[in-house]
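Okay, so here's the structure we're looking at.
The values are calculated or read from the model by the stated rules, or taken from the named source; none is laboratory data. These numbers were taken from a predicted model, which means no experiment stands behind them. Glycine gets a Cβ as well: all are built from the backbone with ideal geometry, and neighbour counts include every protein chain shown. Please note that ligands, DNA and RNA were not included when accessible areas were found on the heavy atoms of the full protein model with its side chains. Shrake-Rupley method; radii C 1.70, N 1.55, O 1.52, S 1.80 Å.
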Amino acid sequence: MSVQAGADRASNLVRRSGPSMLIGGGLVLALAFFGLVSVIWTPYPSDAMDVLAKLKPPSSAHWFGTDHFGRDLLSLVMGGAWTSFSVGAAAVAVGLVGGVPLGLIAAWRRGGLLSAAIERSSDLIFAFPAILTAVLVTAVYGPGAGNVIAAVGLFNIAVFARVTRGAAISVAARPFVMAAIAIGRTQTAILLRHILPNIAGALIVQGTVQFAIAVLAEAGLSYLGLGIQPPTPSWGRMLADAQTFMFVSSWQPVFPGLAIMLAVLGLNLLGDGLRDLLDPRGRDRRAGR
Amino acid sequence: MNGVVKLLGVAAIGTGLCLGMTAPPAEANEGKRTDIVMGVTLEPPHLDPTAGAAAAIDEIVYANVFEGLTRINESGQVKAGLAERWVIEDDGLTYRFILREGVTFHDGATLEASDVKFSLERAMAEDSVNAQKALFSAIASVDVVDDRTVIIRLSRKEGQFLWNLGWGDAVIVDPASADTNKTNPVGTGPFKLDTWVRGATLTLTENPAYWGTKPALNKVTFQFIKDPAAQVVALLAGDIDAVANINAPEMVARFQADGRFAVDVGTTEGETILSINHRRAPWNDVRVRRAIQHAIDRNAIIAGAMFGFGTPIGSHFAPHSPAYLDLTEQGLYDPEKAKALLAEAGVKSGTKAVIKLPPPTYARRGGEIIAAQLKAVGIELEIVPVEWGQWLAEVFKAPHDFDFTIVSHTEPLDIGIYARDDYYFGYDNPAFKELMKTVEETSNPAERYALYREAQQMLADEAVNGFLFQLAKIGVRRKEISGLWMNAPVQANDLTKVHWE
Amino acid sequence: MLPMLSHRLAGLAGTLFAASLITFFALEVLPGDAAQILLGTEARDDTLAAMRAQLGIDRPMAERYVDWVLGLLTGDLGTSQIYGIPVADMVRDRLAISLPLAGMAFLLTVLIAMPIGILAAAGRGGPADFLAMGFAQIGLAIPNFWFGILLVLLFAVKLGWVSTGGFPGWSDNPFNALGALFLPALALALSEAAILSRVVRGALLETLGEDYIRTARAKGVSSSAVIARHALRNAMIPISTIMGLQFAFLVAGSIVIENVFYLPGLGRLLIQSIFQRDLIVVRDLVLMFAGIVVLVNFAVDLIYNAIDPRARVQR
């Protein structure tokens, strides 16, 4: 593929997906970039305390101000981006790895016992409000990144199982799959060559949506004190701290909150754009919340 | 400008002032408020102080609803309670208590010597659910002589016995109502329960049949507000009149600047320490523990976690005690020395450890600072926040699964915990145990103090735990209120002397 | 219709039964016990044993599970281990906050979302649509607890118009109580309103595209009248389905938002009971939240089936 063709294709993509993909993708890339940078460099070490310089408003030395231990809020927000994105990505990965095979089995063995069991289990998970599941899992098994990923991932497994099943069933009914069955291709071959590539779009779109939900969930759990623990920076925890010191430093809740908002906004816009591009029929499918 | 406002203010309240000045002192209270709304952090699970350890119970009922034979006052002294006087026989084992006359319970029943016998035996019984059963362990028998006389015989000398009887866990209850005190407390105190809206408020009203001096207040409302920030708002909005111990040291400056409020900074019995698990290597090495003490900057912790409130301590003893020995110079902040000691003990930089932090602000904020300070000398702490239930089950009880924790030990004069077998931090030193035994058998105060100082020195030398600071009690009140306790020798909100100026 | 109903009811009962099993046994592994929490550090082992016997937590797991479920079936929620009072009483007190909160948030959701959705649909592709959908995107992205903090910061800390939290109780002055619920309800409503406004817009656009609407338009009925009289009525079926689901989400949303505003509702009771190891209360509440979600879903399905003949055909 020539460079020119690639560029054409890219501009074509943008035209078809509209500005939301551009804005969303831009926001996500920018925040991911800050997160990546934070791994090797932040203006100050994110856990460096200076109790004499605590609760200072934004200044040229500390662009976002300092928190109650005198830590640099900009460094913490950058570090929070890394935490947020890695937890979100892991939670989506758990959902994909666990949910897609289950969904495929449920679609393939439709009407069977296994399929029914998968269906009932995901019904059960959906019976608990997602936030309740997450609170219970982290309260019972203790706070921390791993358990947050498990809690959100559990819910994602159910979401992806359901999306995969739905998409696989509709793809399986299409003529080219019928034809493949008729000419006696193996199940694995059909699965790999026909089903998976055709449901990938729906999965990518759903993955983006679940990513946004995971970012929100991590922030919410950390806000409640059930999520990420210090000294790992987390936007949700920063907000909890900020609320405590609301009377003495009112700017403190602004930046971590904005960061969450921009991340979620970016991911949602990106998801919308990808949907228009990859999965036009799946519009307004927002299974997981 | 300021002057004008003040003048106007005086003019506006002038009539009221005149009345107040001409009236005789007895009527000076005319028009004063006789109610108070107290903000308290924790809601008690129930109201029976003889069946639970929650300080929240005593904070409502101690001295207000329930009374014991003796009582502990604001300065930590033992005073007469339901017992008008007592005689200790020469053997030091027999106590004869004479009860006050005309004492009745809230349900009208009269206090009799048999109630005392019942209450104490109930607390000692096999199926007792008294959280401080040890308070009564020296009692051999309780005998009723007549309606107003009780003789308590001890099986061994107990220097603290009268003090023990002053605890909330030792209050006198009526057999008829003992089992229902959890939800419907029937005591002998100047206040009785009016209403309890769980999760919100609890109201006490005056007991018209009270035997003693009637308090100036006739209605006390406790409003349960868990979050410090919400307590601050409630105070500023005038929803509550006082908070006995506010968990928001960052707000003190604001209240001090506000003319409507007064802030009382007093002391508690809480030695706040970084407890170290002696059962685990390398913390059982005294060099490592000394290194930790040198790695900790107490002043930074007090400044950062408590906004400057708290007195540094160098051992496990309250600075306001006459037996206190200042050992803070001994483990001064010196990260280089800490690193050297760690290297000497063979502890590698990057050694990982777990610190479990219970919910109070001092622990959660203090823990973050300590984690940063220890990281600077090469010990990396994983912070695990725990609720009290989990702390009790994992840290306090076997298997003692922790490396470090931060706790304020709030019982008065509790250096004896270091002599206990298998206590949670696992310090085991026969010499210290011997020393504590000598203390118990010594009755001469001067000798006792000397022994206590020796004990403090021993703990500091061994760097048993990271000794941080004595927890302050920060009370915020409308400035017209007086009579609230400044210090907290026991966890109580004794409102019997409280009045509005 | 009837066999479908009984089939669904059986599924519902099965889900709730499974939920009760999971809830009970998942919570059994929580470290810490209520007796120790009640009695504190100085309690002796015999005292602890006596307290455990009094609370009934020394009995075998299976026995306690059966007791709990049988109790629930006869309408007995049990007694709180920590407070020693019936859980039903505690839940009733808390419901008096959480339900009005969810109700008010629901009302706000509808009041915000309907006009925005309608305006967007009426001005499809125009500036109104752009603004409305921009609102929806941003509303969806703002975490409700952050929005709550910002509301408190503005209206309580800066302007001093309202208290920053807490609940004055219904008995004193119901208007104060309603006032205390307004900001939390608004914080809860924002993201739900964002979702609903998109749904309203989508549903309206769909019905606007249908034949009878085009006919009405062709007959010269004005655009706004078309929306008001015809399109909206038909669009209400999908809209109300979403609304039903949203109510369940609003009830669950109280778990976080009650902590932002220090409201003593069900959500705070849940968190507090988890921390105090008051497991009877936790189990009852978890099952209650799950029950609300399942029942609302069930009811929504039923209504959907009853109203919309197409849905019946599709199944």
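Just to verify a result, which residue in region A:37-54, among those that are touching a strand residue (DSSP E or B) at 6+ places or on another chain (Cβ under 9 Å) and at the interface with another protein chain (Cβ under 8 Å from one of its Cβ atoms), is surrounded by the fewest Cβ atoms within 10 Å (Cβ to Cβ)? Before you say what the answer is, go through the steps one by one.
Within region A:37-54, the first condition is being touching a strand residue (DSSP E or B) at 6+ places or on another chain (Cβ under 9 Å), and the residues that meet it are A:42-46, A:48, A:50, A:53-54.
Applying the additional criterion that residues be at the interface with another protein chain (Cβ under 8 Å from one of its Cβ atoms) yields A:48, A:54.
Values: A:48: 15, A:54: 21.
So the residue we want is A:48.
What residue, of B:279, B:254, B:260, is open to solvent by 10 Å² or more (accessible area, probe 1.4 Å) and over 30 Å from residue B:309 (Cα atoms)? Don't jump to the end; show me each part of the working.
Working: B:254 fails: over 30 Å from residue B:309 (Cα atoms); B:260 fails: over 30 Å from residue B:309 (Cα atoms).
After applying the criteria, what remains is B:279.
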Restricting region B:109-142 to residues that are of a type in the set (S, T, N, Q), over 14 Å from residue B:165 (Cα atoms) and not in a helix (DSSP H, G or I), the one modelled with the lowest pLDDT turns out to be B:128
So, first residue more than 15 Å from residue C:123 (Cβ to Cβ) and among the hydrophobic types (A, V, I, L, M, F, W, C) in region C:194-211, second residue modelled with pLDDT under 90 and open to solvent by 30 Å² or more (accessible area, probe 1.4 Å), Cβ within less than 6 Å, six or more apart or across chains; the pairs are C:199/C:242; C:203/C:238
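Is there a residue being at pLDDT 85 or above, hydroxyl-bearing (Ser, Thr, Tyr) and in a helix (DSSP H, G or I) anywhere in region C:190-201?
Our first condition is that a residue be at pLDDT 85 or above; within region C:190-201, this holds for C:190-201.
Cutting the leftovers down to hydroxyl-bearing (Ser, Thr, Tyr) gives us C:191, C:197.
With in a helix (DSSP H, G or I) added as a condition, the list becomes C:191, C:197.
For region C:190-201, residues at pLDDT 85 or above, hydroxyl-bearing (Ser, Thr, Tyr) and in a helix (DSSP H, G or I): present.
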Subset of region B:275-324, residues without any contact (Cβ under 8 Å) to a residue 40 or more places away in the chain and in a helix (DSSP H, G or I), comes to B:299, B:303
| said: Given the criteria in contact with a strand residue (DSSP E or B) (Cβ under 9 Å, 6 or more places away or on another chain) and away from chain B (no Cβ under 14 Å), does residue A:101 qualify? | reply: no
Residue count, region B:398-408, condition surrounded by 23 or more Cβ atoms within 10 Å (Cβ to Cβ), more than 11 Å from every other protein chain (Cβ to nearest Cβ) and assigned to a strand (DSSP E or B), comes to 3
Expected single match for touching a helix residue (DSSP H, G or I) at 6+ places or on another chain (Cβ under 9 Å), assigned to a helix (DSSP H, G or I) and facing chain B (nearest Cβ under 7 Å) among C:23, C:47 is C:47
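Restricting attention to region B:412-431, and to residues there that are more than 25 Å from the chain's Cα centre (by Cα) and of a type outside the set (D, E, K, R), which single residue is least open to solvent (accessible area, probe 1.4 Å)? Quick ask: steps written out before the conclusion?
Taking region B:412-431 first, the residues more than 25 Å from the chain's Cα centre (by Cα) are B:428-431.
Next, only the ones that are of a type outside the set (D, E, K, R) stay: B:429-431.
Numbers: B:429: 25, B:430: 94, B:431: 55 Å².
Top of the filtered list is B:429.
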Note to self: Quick check on region B:121-144. Is at least one of its residues crowded, with 20+ Cβ neighbours inside 10 Å, away from chain C (no Cβ under 14 Å), within 25 Å of residue C:43 (Cβ to Cβ) and among the aromatic types (Phe, Trp, Tyr)?
What the structure shows: no
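Starting from residues that are more than 9 Å from chain B (Cβ to nearest Cβ) and not acidic (Asp, Glu), keep the ones in region C:26-44 and report whichever is least open to solvent (accessible area, probe 1.4 Å).
Filtering region C:26-44 down to residues more than 9 Å from chain B (Cβ to nearest Cβ) leaves C:26-29.
Narrowing the set further to residues that are not acidic (Asp, Glu) leaves C:26-27, C:29.
On the way: C:26: 36, C:27: 4, C:29: 82 Å².
Going through the qualifying residues, I end up with C:27.
Those residues that are in a helix (DSSP H, G or I) and within 14 Å of chain B (Cβ to nearest Cβ), I need them from region C:50-69; list them, please.
Restricting attention to region C:50-69, the residues satisfying the condition of being in a helix (DSSP H, G or I) are C:50-55, C:61-69.
The answer is C:50, C:51, C:52, C:53, C:54, C:55.
State whether one or more residues within region C:89-106 are within 14 Å of chain A (Cβ to nearest Cβ), assigned to a helix (DSSP H, G or I) and aliphatic (A, V, I, L, M).
From region C:89-106, those within 14 Å of chain A (Cβ to nearest Cβ) are C:98, C:102; that's our starting set.
Right, trim to assigned to a helix (DSSP H, G or I) and you get C:98, C:102.
Still in the running and aliphatic (A, V, I, L, M): C:102.
Yes, there is a match, as at least one residue in region C:89-106 is within 14 Å of chain A (Cβ to nearest Cβ), assigned to a helix (DSSP H, G or I) and aliphatic (A, V, I, L, M).
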Per the filter on region C:260-279, residues open to solvent by less than 30 Å² (accessible area, probe 1.4 Å) and either touching a Cys at 6+ places or on another chain (Cβ under 6 Å) or assigned to a helix (DSSP H, G or I) (or both) are C:260, C:266, C:267, C:269, C:270, C:271, C:273, C:274, C:279
Inside region B:342-397, the number of residues satisfying the requirement of being more than 21 Å from residue A:225 (Cα to Cα), at the interface with another protein chain (Cβ under 9 Å from one of its Cβ atoms) and assigned to a helix (DSSP H, G or I) is 3
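Taking strands (runs of 3 or more DSSP E) that fall entirely within region B:146-247, which contain at least 1 residues that are facing another protein chain (nearest Cβ under 10 Å)?
Details: elements: B:149-154, B:191-197, B:201-206, B:219-224.
In region B:146-247, B:191-197, B:201-206, B:219-224 are the strands (runs of 3 or more DSSP E) which contain 1 or more residues that are facing another protein chain (nearest Cβ under 10 Å).
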Checked region C:143-165 for anything open to solvent by 30 Å² or more (accessible area, probe 1.4 Å) and facing chain A (nearest Cβ under 10 Å); matches are C:144, C:147, C:150, C:154, C:157, C:158
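Could you count how many residues in region A:55-87 are open to solvent by 40 Å² or more (accessible area, probe 1.4 Å) and closer than 21 Å to residue A:229 by Cα? Steps first, answer last, please.
Step one: list which residues in region A:55-87 are open to solvent by 40 Å² or more (accessible area, probe 1.4 Å), which gives A:56-61, A:63-64, A:82, A:86.
From what's left, closer than 21 Å to residue A:229 by Cα: A:82, A:86.
Of the residues in that region, 2 qualify.
Suppose we keep only residues that are polar (S, T, N, Q) and either crowded, with 24+ Cβ neighbours inside 10 Å or assigned to a helix (DSSP H, G or I) (or both) within region A:185-230. Which one would you say is farthest from the other protein chains (Cβ to nearest Cβ)?
A:188
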Picking from B:167, B:163, the residue that is farther than 21 Å from residue C:38 by Cα and either outside the structural domain of residue B:62 (by TED's automatic domain parsing) or not polar (S, T, N, Q) (or both) would be B:163
### Message
Going residue by residue through region C:130-144, is there one that turns out to be of a type outside the set (Ser, Thr, Tyr), more than 30 Å from residue C:56 (Cα to Cα) and over 26 Å from the mean Cα position of the chain (by Cα)?
### Response
yes
